[in-house]
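Student: Got a structure for you, written out below as structure tokens; questions coming shortly.
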Amino acid sequence: MDVRRVARQLPLRLASGAFILNSGLSKRGADQEAAEQLHGFASTAYPVVGRHEPQRFVRMLSTAEIALGTVLLVPAVPGVVAGAGLTAFSAGLVGLYLRTPGMRQEGSLRPTEQGIALAKDSWLLGIGMSLIVDGLPECGRRSR
């Protein structure tokens, strides 16, 4: 384990991991109304979500967020692995922002007032990609 790499990645992993873990734990006990709202919102952008019953969808989402948050918080998990998971998850969140009507200003990527919360998920995508890049072996490294 490269201690310097782990230390370098720690702030990124702590911030994103704690945020995602908390989100997953918060969804764990969602009531029917909250599950239906979240399910309806997600199925607007991703119609395949509509195949699942709202409570089941929220349980799956909660489990995925808890697992991803935990992976990010455990330093023994390689950064490239944690980064790949975060990048995939956050790409879905950015897709939700891009696909949901009313989240962006007409003809622009700039968020509307309603879209600000989703647009902020782009920082997770940046963190995930940074973890991947940082975890890749250096190409063309010269020995001294």
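Student: Only one of these conditions is not met by Gly107: (1) of a type outside the set (Asp, Glu); (2) exposed (fewer than 15 other Cβ atoms within 10 Å of the Cβ); (3) within 15 Å of the chain's Cα centre (by Cα). Which number is it?
Tutor: Of everything listed in (1) of a type outside the set (Asp, Glu); (2) exposed (fewer than 15 other Cβ atoms within 10 Å of the Cβ); (3) within 15 Å of the chain's Cα centre (by Cα), Gly107 misses just condition (3).
Student: If you don't mind, another one. Within the range 108-130, can you find the residues that are within 14 Å of Leu12 (Cα to Cα) and hydrophobic (A, V, I, L, M, F, W, C)?
Tutor: The answer is Trp123, Leu124, Leu125, Ile127, Met129.
Student: Give the residue that is nearest to Gly17 (Cα to Cα), with candidates limited to residues of the range 38-54 that are among the hydroxyl-bearing types (Ser, Thr, Tyr) and either part of a helix (DSSP H, G or I) or free of Cβ contacts under 8 Å to residues at least 12 places away in the same chain (or both).
Tutor: Ser43
Student: Any chance the range 9-27 includes a residue that's out of contact with any strand residue (DSSP E or B) (no Cβ under 6 Å at 6 or more places or on another chain), farther than 30 Å from Leu136 by Cα and exposed (fewer than 14 other Cβ atoms within 10 Å of the Cβ)?
Tutor: Within the range 9-27, one or more residues are out of contact with any strand residue (DSSP E or B) (no Cβ under 6 Å at 6 or more places or on another chain), farther than 30 Å from Leu136 by Cα and exposed (fewer than 14 other Cβ atoms within 10 Å of the Cβ).
Student: Does any residue of the range 43-52 turn out to be within 20 Å of Leu10 (Cβ to Cβ), modelled with pLDDT under 95 and not charged (D, E, K, R)?
Tutor: For the range 43-52, residues within 20 Å of Leu10 (Cβ to Cβ), modelled with pLDDT under 95 and not charged (D, E, K, R): absent.
Student: Identify, please: which residue in the range 14-34 is in a helix (DSSP H, G or I) and among the hydrophobic types (A, V, I, L, M, F, W, C) and is, among those, nearest to the chain's Cα centre (by Cα)?
Tutor: Ile20
Student: Scan the range 110-131 residue by residue and report those that are free of Cβ contacts under 8 Å to residues at least 24 places away in the same chain and not in a helix (DSSP H, G or I).
Tutor: Those that are free of Cβ contacts under 8 Å to residues at least 24 places away in the same chain and not in a helix (DSSP H, G or I): Arg110, Pro111, Thr112, Glu113, Gln114, Gly115, Lys120.
Student: Would you say Thr70 is surrounded by 12 or more Cβ atoms within 10 Å (Cβ to Cβ) and in contact (Cβ under 8 Å) with a residue 12 or more places away in the chain?
Tutor: Spelling it out, Thr70 is indeed surrounded by 12 or more Cβ atoms within 10 Å (Cβ to Cβ) and in contact (Cβ under 8 Å) with a residue 12 or more places away in the chain.
Student: Scan the range 55-65 and give yes if some residue there is over 21 Å from Asn22 (Cβ atoms) and without any contact (Cβ under 8 Å) to a residue 40 or more places away in the chain, otherwise no.
Tutor: Yes - at least one qualifying residue is present in the range 55-65.
Quick grid of which residues meet (1) in contact with a Pro (Cβ under 9 Å, 6 or more places away or on another chain); (2) within 20 Å of Val133 (Cβ to Cβ); (3) assigned to a helix (DSSP H, G or I):
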position: Arg4; (1), (2), (3): no, yes, yes
position: Arg8; (1), (2), (3): no, yes, yes
position: Pro11; (1), (2), (3): no, yes, yes
position: Glu36; (1), (2), (3): yes, no, yes
position: Phe57; (1), (2), (3): no, no, yes
position: Ser62; (1), (2), (3): no, no, yes
position: Val80; (1), (2), (3): no, yes, yes
position: Tyr97; (1), (2), (3): yes, no, yes
position: Ser108; (1), (2), (3): no, no, no
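Student: Mind checking which residues of the range 63-98 are within 22 Å of Gly115 (Cα to Cα) and not aromatic (Phe, Trp, Tyr)?
Tutor: Selection gives Glu65, Leu86, Thr87, Ala88, Ser90, Ala91, Gly92, Leu93, Val94, Gly95, Leu96, Leu98.
The values are calculated or read from the model by the stated rules, or taken from the named source; none is laboratory data. Bear in mind the structure is a predicted one, so any value in this text is a computation, not a measurement. Cβ coordinates were reconstructed from backbone atoms using ideal geometry, including for glycine residues, and neighbour counts include every protein chain displayed.
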